[in-house]
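Please read the structure below before turning to the comments.
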Amino acid sequence: MAKTKSKSAVRRKPKSTSRPKRAAKPAALQYIPWHTVPLEDLNPLLQRQFVVGQEIMLARVLLKKGCIVPEHSHHNEQLTYILEGALKFWIDGREIVVNAGETLCIPSNMPHKAEALEDTVDLDVFNPPRADWINKTDQYLRGKK
């Protein structure tokens, strides 16, 4: 008579040698007054501060009149809100002036350039956070002007 496998032998799964998967780190609540965030000098006309969440970044960018942000693009979606001053953007074949109280939404991978028409304070929101800013590999911003 042929031997048959018991039900428990048929249903038994082989032991895994891999480690159990860790759950994603839960988001932490952050309360961060701007005066506690170091101001980073990128060039004589450009400074910034930023706060990073799990999937979003908020940056406060200070531009002196005449500051040029060279043309660049990134995979991050960007939302720009001008608190004070004005920025002129060259984007999508157009020139767009964004004044205090106005917003510009820049899709991912869209090349853009900007110039501060006056001393300007702008808030930029990025999703996902800008790894090049976090790692300080954003050489296009670290020039003379």
Given (1) touching a Lys or Arg at 6+ places or on another chain (Cβ under 8 Å); (2) touching a residue at least 40 places away in the same chain (Cβ under 8 Å); (3) buried (at least 16 other Cβ atoms within 10 Å of the Cβ), number of the condition residue 70 does not satisfy: (3)
Pick from the range 79-95, criterion in contact with a Lys or Arg (Cβ under 9 Å, 6 or more places away or on another chain) and closer than 21 Å to residue 127 by Cβ, ranking: surrounded by the fewest Cβ atoms within 10 Å (Cβ to Cβ): 83
Pairs where the first residue, in the range 35-59, is farther than 19 Å from residue 139 by Cα and the second is of a type in the set (Gly, Ala, Ser), C-beta under 6 Å, 6+ apart: 54/27
Single residue of the range 118-145 satisfying the filter (surrounded by fewer than 14 Cβ atoms within 10 Å (Cβ to Cβ) and hydroxyl-bearing (Ser, Thr, Tyr)) that is modelled with the lowest pLDDT: 140
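The values are calculated or read from the model by the stated rules, or taken from the named source; none is laboratory data. All figures in this text were calculated on a predicted structure; none of them were measured in a lab. A quick note on method: Cβ atoms are made from the backbone with ideal geometry, for glycine too, and the neighbour counts reach across all protein chains shown.
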